[in-house]
Structure formats: structure tokens, C-alpha cells
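Please read the structure below before turning to the comments.
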2 protein chains.
Amino acid sequence: MNDSFRKIGGSICAPRGFRCAAVFCDIKKLGTGRGSEKGTKRDLALIVSDWPAAVAGMFTANQVSAAPVKVSMKVAARNYARAIVVNSGNANACTGKQGLRDAKAMARTTASYLNNASGKLDRFKRSSLSAAKIVAHHVLVCSTGRIGVPMPMKNVTRGIRACAPLLAGSATAARNAAEAILTTDSRRKEIAIEFEIDNKTVRIGGICKGAGMIQPGMATMLAFIMTDAAIESTALKHALKIAVGQSFNRITVDGDMSTNDSVIVLANGLAKNREIKLDRLKRSSFQRGLNHVCLELAKMIVRDGEGTSRVVTVRVRGAKNQQQAASAARAVANSSLVRTSWCGSDPNWGRILCALGYSNATVDERFVDIGYRKPGSRDILFAFRRGRPTNVVLKRLATVTSAPEFDLEIDLHLGRGEFVIYAADLTEEYVALNKGDVNDPTTLGG
Amino acid sequence: MNDSFRKIGGSICAPRGFRCAAVFCDIKKLGTGRGSEKGTKRDLALIVSDWPAAVAGMFTANQVSAAPVKVSMKVAARNYARAIVVNSGNANACTGKQGLRDAKAMARTTASYLNNASGKLDRFKRSSLSAAKIVAHHVLVCSTGRIGVPMPMKNVTRGIRACAPLLAGSATAARNAAEAILTTDSRRKEIAIEFEIDNKTVRIGGICKGAGMIQPGMATMLAFIMTDAAIESTALKHALKIAVGQSFNRITVDGDMSTNDSVIVLANGLAKNREIKLDRLKRSSFQRGLNHVCLELAKMIVRDGEGTSRVVTVRVRGAKNQQQAASAARAVANSSLVRTSWCGSDPNWGRILCALGYSNATVDERFVDIGYRKPGSRDILFAFRRGRPTNVVLKRLATVTSAPEFDLEIDLHLGRGEFVIYAADLTEEYVALNKGDVNDPTTLGG
């Protein structure tokens, strides 16, 4: 790849024409406005494009999808969108008809306050924000947090109202938004790159939150990616599908799929490159740029997984086909026993072979290779080769497997199917974080 | 059911005409004969039927099956067998051609020493053991323990030789065999029942070992069931399939499927009931007796699962069909997040709904019921009903979920599919037990 993506600051505010803001409005209602166990960490954010932006979204495949997912799916199916309202602290999931009403109300309220703000504030008068009235069906809604609890709509409305006048295109504003979407994540996840298309500088910036539980709803992944590239809506939707398939859909922390997972891209065209259409997408460096941003964000999620002490890149080659490679990689990456062994730096190829054996992939142990590699290194240390344990010394294997990240290289030698998945170990901390305490109702679900 | 199964002692020696013995022969070769970290716990057992016995076996579906499984599958496909040789401490898995040679040698050696013993020992002269020569293909072989390590055949042979003259039909002998097959199990698992068929008293006795890891191979389940019922081999094979489908295939500790799982039944006919044929099986109380024994043994395995602090009976009703019910139940029972919540006594219906949503079963959250029940009680405490959280007080739910065992009752209200699975929670102890220590090679695999 000859693409030169330059890393820049500012994350979602790096591309031209995006503004955001975030506030604390006590979505968890733990402290009647005086903050939660995380103090007054921001819990609601708005992200706005000055211009109508091509929109694409990918959402959880879970049949039990949350109300905001239902609302956002409809918006993302359109050609253009303008804004995203997102909260942490409440997932608005399993909340029935009221939940759907609340999610729709969040979109409506956001549109309304954004229009008000654009009238009142000088800086918006000069932008296009005042040019076209924002309507509810141009607003995407995302929620993450506790499940089965009605949205505290009073607080939410207050938050949106407080947020609208604060919208800014600064790195600080982007950082605040990156903070607002976090739940049990231990750190913000931000990235921005720039590169050239048609001699125009195009920027892509993104933030995300990972598989964190919030007292305890369920692991939710949210990612928001803004770009000033000019790209047709159809091409953008296609590009996102490709990028997510190679990134967010390739990570696993605990094998659970959330009700709220959402990845959203807005592309407002302010880079003024020749509009990218579907037929030019493959050759365009935009696709590679988006792939890069998604993969980097996805890896940040695994690294910051709950209780994660070790990240393992599981690569399966030589499966009969790609689907079988994926099945084999997922079986390994989701095996409790394999993940637990990683936690102890244990190069336990036996458990790996066992997981391969019960996967949906065809496996013949006589041909299997299992090896370990330092990330970036060329050398694979094989523990098992062509159906036999090698005579590699355990200590040498352990120098690789005791690092915070390593690659697991599996070759089934049965075909050309290949798949990579980014996985996390299973630790005592994961259990401790998620088990709740029956004597402290705020730690329990339902 | 009007069957009256009387619980009796003696487990596998309760049925007439079965003898067993067990010794310590240092299969792990940790201490050059001076014992392992478990002291000199017995690690090799022989189980023998005085008469040729109808045989049936069910084995792991893992494509990577261990050498002894390959050998025993062939024996179990025959009409008759005579003996089982089983060891703990080494799984003889992923050991290639040598492993297969070793497993076959174990069968041969067993046959040879049994024939010798029957010649030498008075009590066997009187039994049929001397009547028909035992040959290798009448001997089933089972191994559980560490993976990828060659079998210490010298020790194994010494063990078999030492075992053969000790064969006895006593409760003590059965207890010793039940001990010999254990790995990290914390206790022996034994059962025996008797009941009437054609006015003849029939006995079924069984022992098993559970999902325990051995420094660290992988979870392996072994079960040996002896009965003096007279039953045709075809009928026995069918009966076992039914019984296993409702018991051992309905338990899950960590969702990993071992390379060595084996369930074996021998039926020697000494109860002298009219031989049960396939067409009479359904009406026969033998099937129900076998079901009962298998289910009780399976439940013992879950209760003694690694780090298990809580056993949950997950019952899904109202799925579109039985397959979907099974898929839904398994998704719940294998979800890391659900299992972790159980560990904290947390009635977290949100995670359960989430797992249902990503299962292969059709789920419409608007119709879903999720409730909790004390085992044996009639009352279900619903936490979620028809798509809405109920207003049951958390404290009341917690009185059920904080007991060592409870039932989780899920109704999808979409059809008549029903499935029950017996599951365990995920605890910090599970991780601690399985993660190994890279500084202590004896705790590592491979």
C-alpha cells in the first residue's frame, strides 16, 4: 500500500465542518444531579455536520435491538443526515414502546435545539447550519448503558438543551464527546488521519467506546466516524460495510453481542474532492483510509476490554474457505479455556487444537500448525507442527506469550481460507467487574 | 412416572457380575513413583464384566479426538465387550501415531493380564471370566489428563499388571475406580439404582468424572455405567443415545468440548430379565432407569464444575421448535456475561435477553418471559414478562438467585419448542484454576 495516512489531532473535529459538544446531565440519576460513581463525567454528546452529510451506519445483528438502534437504522438508510445525539448511562434497551417514543423524542429535541442554536449563535449564522432546517429524521440516536430502565427524559432534554450552544469544532470539544460516550472504558478512544484524494486533503476522524459494562447493562460498542470527503451515499454505505467487516466485526472480548452496537459515518464533502462514486470506490484511497480508522478504533476496544490483560491476534490460514477460517478463529478466540490460558501467559496449544476441533471448520490434526509470534516479527515459533508437538522449549514460547500482545498463527493446511480476529484474554478482573453484588442494587441489572 | 428406582450403594459394582480395581502407577511421572501433587491418588482402573456384556458408547464430537477415543469407538460398535481400562493424568490426545499404538497396547495388555489373572485366581475360576478368553478388541480404553504428552507406557503396563489381581466386586473397589478417574474433580461421582423388570431386580450403577482440567489438558468428561439388565446390543446403543441426549449433552460448564469425552455402558444380562429388544425399549423401565442414572451423573458434573459456585437449570419453552429452544438455551448458558452475573447472584435478565437475541433462535422481545424459580417450587418469579420488566422487587428475585441452585424459566411464546440445559456460573476461581503459571511449567499445557 502506498497510501500515506498522516496521523493528526482533533479526532472527529479534524475533518472540516464538524462540531460537537458534551455535557453531564446525570442520565443514571444516581445523585439527583450531583453526579454518579464516576463523578460528573459527561454523559451526553451532540455531533453535528455544518452541511448535510452522506450517512452510513452498521448496527447490531442482535434480534433484541435497542430503541435508538431502531431509530438510527432508519436515518442511516437515507442519503443524508446532519447530527448524532448520544448518551451513556442508559441503553434504552428492552424498554418497549415507551423506549421507542423516547428515542424519537431525543431526535426531535436535538433537531429543535440545533435549529434554535443556529439562529442565536453568530458562528452558526455564517455556517450552513442555518441554511437548511434540521429535522428529526436527520438525527441519529445512540445510547449505551443500563438496560431495561426508562430513559430519564427530563435529564436528557436538559442535556441536549445545554449541549447545543456549546457546539465547537475544537480538539477539546472532540475530546469531551469521546469522554461522554464512555461507560466502563478506562480511556478515551480517538483517532484522526489525513491523506490526499485528487490533490485535495481529506480527513477522517473517529471516536468509539468499547465493550464496557455499565452497572450492568451489557457490552456495547459505539463508533462515530466523521469525514470531509465528498462521497456518494451509496458508496459510503458500501465502504463502511467493507471497513466494519475487517475491523469491528473482527474483534471479540467475551463473545457476547450487544443490543446497541452501532457504527456511524458522516461524510460532508467539504474536502471538495471529486465525489467518490461506487464504481471508483475500490481504487480510491478513501476505502483504505476508512479501513485504517476502523481497524485502529477496533483494536483500541480490544486493548481496553474489561479486565483485558493481553491482546491476541488470532490468524487462521489454510482453512477450506474463508467462512471456515472465520469459524475456526472465532472458536479459538471465544473459548473460555483458551482465553484463560492467555491470561496466564500459557502457550497452551492443546486447548487451541481442541477449540479448532469443535469449530465448524474442517480440521485434520495431522496437518495443523500452531505457532506464536511477536507482533511485527517475521519469525513464528511453532509449538505444534503437522500434527506433532515441536521440541521448542516452553521458556522460549513464554517469552512471546507473556508480552501484552502477541500473534497466534494457525495453519490448517487444507485450503486457502484465511481470517484474522483480534481477541482478549479472560481474567479474574473480568469476572469481578461483571459479577455485580447482590447487596448493592446499583451493580445489578434488570 | 410410576417407576420406583431404589437408590442403592456400590455404584458400578452394584449390578451382578462386575468387578473393578484401581491403583496408583504415577501416570504423570511427576515424582518418579513417589506420587504427584495429589499424592498417590489412584490413576488407573480396570472395570471387568464376568460375562460378555452388550456394549454401547457415545464419544466426543470433537474432530480432534484422542487416540483412546478412536480405539474405544471401534469396540463400542461391536455387540459385546468385556472390560474397560481407564487412566487419569494423561489424555493421550494429540499424540499422533504413537498415541494410537499406545492406546491399542493398553487394550492388549489389559486383555493379557485379565486372562492371566483369571487363570491364577480362585474366585475367577468360578466365574465365567475363565470361560471365554478376553481379547484386545473387547477392551475399551479411556484416558483423561494432560494433552500432547506421550503415554508413560512403562508405568501404564505396571499399573495394569498390578490392577488385574485386585479385581473385586465390592463397594470399596467401585469407590477406588471412581477415585482413579478423577482429575481436578473435588469429589467422586457415583450412583446406583435398582428396579424391577419382569419381576427380576435389575441394577444400574455408574461413575463419572467431570469437567476438570489437569495441568492443564482440557475439560474431559468420562462416564462408565454398568448394568446387569439383559438387553440386546442394538437396543442398548439406542437407549444410551436417548439417555445421553437428555443428560450429558445437556450440561455445560464452559462451553468447551473435550477431545476425550466418552460415555460407556456395559450390560451383562445377569439380572436374567427377558432380553430387552429395540421394539420393547420404549415401554421398558430400563430406558427410564438409564436416563435417571445419566442425568444424576451429569448433574454431579455441573455441581462439581471448576470454580462452580452456582448451578442453574436453564429451561426454554415456546421456541419455534426444539432445535431453536436448544440454541436459545445454549446461548444463555454459555454467555460469559450471563454466567458471570450468576456468580454474583445477579438476576440480570438484560444479559439473558441479549443472549437470546443473538442466538440462532427466533426471538421477539415483545413476547418474551424471563423468570426465576426455586428448584422444586411451583412459583415462577417473573423479572420480565411479555416484553416488559415486571415490578418484582430485586430483593425477592435475589432470594432465589443467591441460592446454590435455581431454575431460569424462559418462554419465547412463539411455538412449542422446549429444551433444558444444566449450566454453571463463571467465577474468578475458574480463571484462577485454569490460567496456569508461566513460572511453573507443570501448570502449563503443550
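Every read-out reported here was derived from the displayed coordinates using simple, explicitly stated rules and does not represent laboratory data. Treat the numbers as computed from the prediction; the structure is a model and nothing was measured. All Cβ positions, glycine included, derive from the backbone under ideal geometry; neighbour counts span all protein chains shown.
The table that follows gives values for the structure above.
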{"item": "Gain on full stretching of the segment that runs from B:Val135 to B:Asn116 - 0.36 nm per residue minus C-alpha separation", "result": "5.6 nm"}
{"item": "Coordinate range along principal axes, alpha carbons of segment A:311-431, Å, largest first", "result": "35, 33, 24"}
{"item": "Residue-averaged beta-carbon neighbours from other chains (10 angstrom radius) around A:143-153", "result": "2"}
{"item": "For the protein assembly as shown, convex hull volume per residue from C-alpha positions, Å³", "result": "154"}
{"item": "Gain in span if fully extended, A:Arg366 to A:Arg158, counting 0.36 nm per residue against the direct Cα distance", "result": "68.5 nm"}
{"item": "Position A:Glu429, label points 7 Å along Cα→Cβ, spacing to each other copy in nm (shortest first, one decimal)", "result": "2.4"}
{"item": "Rotation relating B and A, chain A residue nearest the axis via C-beta, angstrom", "result": "A:Glu428, 2"}
{"item": "Charge-dipole axis of segment A:6-303 as Lys and Arg at +1 and Asp and Glu at -1 on Cβ define it, positive-most pick from A:Ala117, A:Ala61, A:Met106", "result": "A:Ala117"}
{"item": "Of B:Lys209/B:Lys282; B:Lys133/B:Lys272; A:Lys237/A:Lys320; B:Lys7/B:Lys189; A:Lys74/A:Lys241, pairs whose Cα-Cα distance is over 18 Å", "result": "B:Lys209/B:Lys282; B:Lys133/B:Lys272; A:Lys237/A:Lys320"}
{"item": "Using a 7 Å Cα-to-Cβ projection, A:Arg101 label spacings across copies, nm, ascending", "result": "7.7"}
{"item": "Among B:Val71, B:Gly145, B:Asn321 - extreme Cα towards positive end, dipole of the protein assembly as shown, charges at beta-carbon", "result": "B:Asn321"}
{"item": "Sequence-distant lysines (8 or more away, or on other chains) whose Cα lies within less than 18 Å of A:Lys395", "result": "A:Lys374, B:Lys435"}
{"item": "Per-copy distances of the B:Asp279 label point, shortest first, in nm (7 angstrom along Cα→Cβ)", "result": "7.3"}
{"item": "Within the protein assembly as shown: Cβ-based charge dipole about Cα centre, in debye rounded to nearest 20 (Lys, Arg +1; Asp, Glu -1)", "result": "1020"}
{"item": "MRE, 222 nm, helices only [DSSP H, n ≥ 4, -39500 (n - 2.57), over chain A, to nearest 500]", "result": "-9500 deg cm²/dmol"}
{"item": "Chain A, dipole about Cα centre (Lys/Arg Cβ +1, Asp/Glu Cβ -1), debye to the nearest 20", "result": "1260"}
{"item": "All aspartates and glutamates inside 14 Å of A:Lys97 as judged from Cα atoms, apart from same-chain residues fewer than 8 positions distant", "result": "B:Asp364, B:Glu365"}
{"item": "Model label zone, A:Ala432; criterion: amide N under 17 Å from point 7 Å along Cα-to-beta-carbon; scope segment B:271-309", "result": "none"}
{"item": "Spacing of the two label points (7 Å from each Cα toward its C-beta) at A:Val393 and A:Ala61, in nm", "result": "4.5"}
{"item": "Qualifying trypsin sites (Lys or Arg not before Pro) in segment B:306-378, DSSP loop, other Cβ atoms within 10 Å at most 12", "result": "B:Arg378"}
{"item": "Charge dipole magnitude, Cβ of K and R +1, D and E -1 - segment B:311-426, Cα centre, debye nearest 20", "result": "220"}
